[in-house]
Ligand code: AMP
């Protein structure tokens, strides 16, 4: 089978970051987390980081233009062309989904799968409060979840229309969720 190209959707606090790391290692694909890339930029105080910091602290979304450019550049790198990717935290808006589709199209590629790692709002809120990350104030959490429902939930239909969407429950122990995800990915790789 050719390289895997996967998108993982899920509310903040759904555990998708952890699962994506494990899946990246397990399948030998590159884990691309836009949140991690932005946090690294903030940390090293690059121009991007300086622009993004206040937006991230407020729980808002960095502009599509900026984020699309970062992802397009990352997807064009050799390690990603050679190994495939698992995208974590992108796309988050209709415009980002469109940009990703076009970016892949010009490379003659397409997505293999979009997974929605489903965890209810009440559960993710509790998990985020428990992990107490610097940008996890109650107000920012509420704001991020609201934006997710408004901007990102419509993408489920977008991927469903393209026959790419599979929903996986993110409830239960980490290892069980990991097995569920692997089951779904192994299912599509054995079809090809
Ligand atoms: P995350 O770790 O994915 O929750 O991302 C942390 C923060 O980075 C988000 O709350 C946004 O401010 C920003 N961010 C990450 N990915 C994106 C994206 N695809 N579009 C816009 N903003 C993003």
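Derivation of every value follows stated rules applied to the coordinates shown; laboratory data play no part. Keep in mind it's a predicted model, so treat the numbers as computed, not measured. Neighbour counts run over all protein chains shown; Cβ positions are idealised from the backbone, glycine included.
Overview of values
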{"item": "Complete set of residues in the range 77-109 that are out of contact with any helix residue (DSSP H, G or I) (no Cβ under 7 Å at 6 or more places or on another chain), assigned to a helix (DSSP H, G or I) and within 11 Å of residue 4 (Cα to Cα)", "result": "81, 82, 83"}
{"item": "Unique match (being loosely packed, with under 15 Cβ neighbours inside 10 Å, near the ligand (Cβ under 10 Å from one of its atoms) and in contact (Cβ under 8 Å) with a residue 24 or more places away in the chain) among 79, 64, 88, 57", "result": "57"}
{"item": "Residues that are free of Cβ contacts under 8 Å to residues at least 40 places away in the same chain, part of a helix (DSSP H, G or I) and surrounded by 12 or more Cβ atoms within 10 Å (Cβ to Cβ), drawn from the range 150-175", "result": "160"}
{"item": "Test: residue in the range 99-108 that is in contact (Cβ under 8 Å) with a residue 40 or more places away in the chain, over 14 Å from the mean Cα position of the chain (by Cα) and more than 23 Å from residue 53 (Cβ to Cβ)", "result": "yes"}
